[in-house]
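What follows is one structure encoded as structure tokens, with my remarks underneath.
Every number here is computed from the coordinates shown, using simple stated rules; none is lab data. Keep in mind that what you see is a predicted model, and the values were worked out from it rather than measured. So basically every Cβ, Gly included, is an ideal-geometry build from the backbone, and we count neighbours across all protein chains shown.
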Amino acid sequence: MNAQEIENIELTYLETEDYKELKAAMIASYKTMPGTYWKEEQIDSLLSKFREGQVVIKVNGQLAGCALSIIVDNDSITEHHTYADITGNFTFSSHTDDGDVLYGIDVFIKPEFRGLRLGRRLYDYRKELCEKSNLRGVAFGGRIPNYHKFSDTLSPKEYIEKVRRKEIHDPVLNFQISNDFHPAKILKGYLEGDKASGEFAVLLEWDNIYYEKPTKKAATKKTVVRIGLIQWQMRPYKNIDELMQQVEYFVSAVSAYRSDFALFPEFFNAPLMAENNHLPEAEAIRELAGHTEAIVKKFSELAITRNINIISGSMPEILDGVLYNVGYLCRRDGSSERYEKLHVTPDEVKIWGMQGGTQLHSFDTDCGKIGVLICYDSEFPELSRILADDGMDILFVPFLTDTQNGYSRVRYCAQARAIENECYVAIAGSVGNLPNVHNMDIQYAQSMVFTPCDFSFPSNGIKAEATPNTEMILIADVDISMLRELNQFGSVRNLRDRRKDLFELRKK
């Protein structure tokens, strides 16, 4: 299956009624170890002991992968152990709610769903569960299925070192190391019958840097969202494939930092107009609109394979003969939604004949509600106030400005939106120049993340800022729970203190 065939990806708890499909998936996934699957009573036992540790990924409603876990004491993994030992001889009697390590006992992706990076989602869930449960870390015995090819000349230790140095490719171990797990020790005789690994395994561990020894003090759960901004360099591209190669590079870069969102600038694809520079500007922009559908499909594919929600900046699009400035939210679950620029600039009307859109609404994501306003729209406070009334926590503003004057309008209006709506605002623009594209000569930008101004936030309301006019990415963490505290206990409470007895704001 490829990304374009996916309509929905769901990470959910394993249920008893999933067993028949789970068994078939295990048999398909462990062809090198025939007859390897969990019995129904074993799965029932796991669910009764630790339901939160058993999750599956479903693609278009079909079970595509699974991760099973238990909680054990750290002492039980510091000593040499086998798979039978750690699982209580496959009864899971070794599980204890009072333990401090999340131990992975199984994880797999069905063959037809491999290549979509779904396994990373299962590992990320384990890490998040570990952090949420305040456990010391995640551990498991990792197979080394390619070791049998080198067992005559290499010891397990030598084999692992060569894998770490990329001198040998081991698909399982390479994947685990790339997901921040580090080898801790060799486990001899770990899994009986694992001939491919010579019955050796590697104890792999991931340390929870947020772990705190349990205390009796009250603790407040924080919800942190990581934002990745792309400050895009305008440069010539031969074709759409070359453009999207650069897009993929940036998406991969922010995804590598486990970002939840990637934000691209307004009209980031403008360099493709160079091939139509012989045409009048109004015709050239309409030719550019012909690429939009293909670009959105690629963005959706990247959102799935890189496990990140992408705000695609903006692109021209023609609907019923009318030219609009639009963008798409491509979610990592495979779904997507469209947003429009409502206020087009005088230049967009005069040179391109572009029309303003009519749709304004917030978007639900796995990180809360967000809003998107394209460039000039951020300068109209009514729009963001409507989104804030709808529960928006983060406002994304893709922009394109050619002068410092234009940039300052976007910047300071965006910062005002953060204060008055008690939300985070992220802006991302393009830099550089396009001497061979009419009406797109030069760009000025400094991408930033703004916050409200109160004691829990930066005193100047700036969470993070990029270097002006330099191609780069900007990564910033924003804490949604701080917005809730601000709304209730802030020095000023802009949303709550509005005089609704004197005025109201509503959409027509």
Ellipsoid equivalent to the range 96-194 - semi-axes via the Cα gyration tensor, in Å: 25, 17, 13
Taking θ = phi - 60°, what integer Hz values does the Karplus form 6.51 cos²θ - 1.76 cosθ + 1.60 yield along the range 262-278, in sequence order, with x for Gly and Pro? 10, 10, 9, x, 5, 6, 4, 8, 4, x, 5, 6, 4, 5, 10, 5, 6
Sites ASP152 and ASP75 - FRET efficiency at Förster radius 25 Å, r taken between beta-carbons, to 0.05: 0.10
Give me the one-decimal nm value for the distance between modelled label points at MET1 and LYS20, 7 Å along each residue's Cα-to-Cβ direction. 1.9
Return the equivalent ellipsoid semi-axes of the range 3-207 as a descending list in whole Å, where each equals the square root of 5 times an eigenvalue of the C-alpha gyration tensor. 25, 21, 17
For the chain, what proportion of DSSP beta bridges, expressed in % and rounded to the nearest 5, is antiparallel? 75
If I histogram all Cα-Cα distances within the range 224-489 using bins 10 Å wide from 0, what percent of pairs lands in each bin? 7, 33, 39, 17, 3, 0
Exposed-loop cut sites defined as GluC sites (Glu not before Pro) in DSSP loop states with at most 11 other Cβ within 10 angstrom; longest site-free run of the chain spans 213-503
What list of ³J(HN,Hα) values in whole Hz, one per residue of the range 66-79 in order, does the Karplus curve 6.51 cos²θ - 1.76 cosθ + 1.60 (θ = phi - 60°) give from phi, with Gly and Pro shown as x? 8, 9, 10, 8, 9, 10, 10, 6, 4, 4, 6, 9, 6, 8
Share of Cα-Cα pairs in the chain beyond 35 Å, whole percent, is 43
How would THR403, THR87 line up from fewest to most surrounding beta-carbon atoms within 10 angstrom? THR403, THR87
Applied in sequence order to the range 494-507, the curve 6.51 cos²θ - 1.76 cosθ + 1.60 (Karplus, θ = phi - 60°) yields integer Hz couplings, x standing for Gly and Pro, of 4, 6, 6, 8, 5, 7, 5, 6, 9, 8, 9, 10, 8, 7
Could you tell me the largest-minus-smallest coordinate of the C-alpha atoms of the range 140-290 on each of the three principal axes, in descending order and whole angstroms? 73, 54, 23
Shape box of the range 211-323 [Cα atoms, principal axes, largest first, Å]: 72, 29, 21
Between TYR211 and ASN239, how high is the FRET efficiency from 1/(1 + (r/R0)^6) when r is the Cβ-Cβ distance and R₀ = 41 Å? Nearest 0.05. 0.25
In nm, to one decimal, how far is the modelled label at LYS58 from the one at LYS508, with both set 7 Å along Cα→Cβ? 4.3
With only helices counted (DSSP H, runs n ≥ 4, each -39500 (n - 2.57)), the per-residue ellipticity at 222 nm for the chain, to the nearest 500, works out to -8000 deg cm²/dmol
Residues with amide H under 5 Å of VAL372's amide H, sequence separation 5 or more or different chain, H placed in the peptide plane at 1.01 Å from N; which? PHE396
Two-site FRET efficiency, ARG165 against ARG498, from Cβ-Cβ distance with R₀ of 45 Å, rounded to 0.05: 0.15
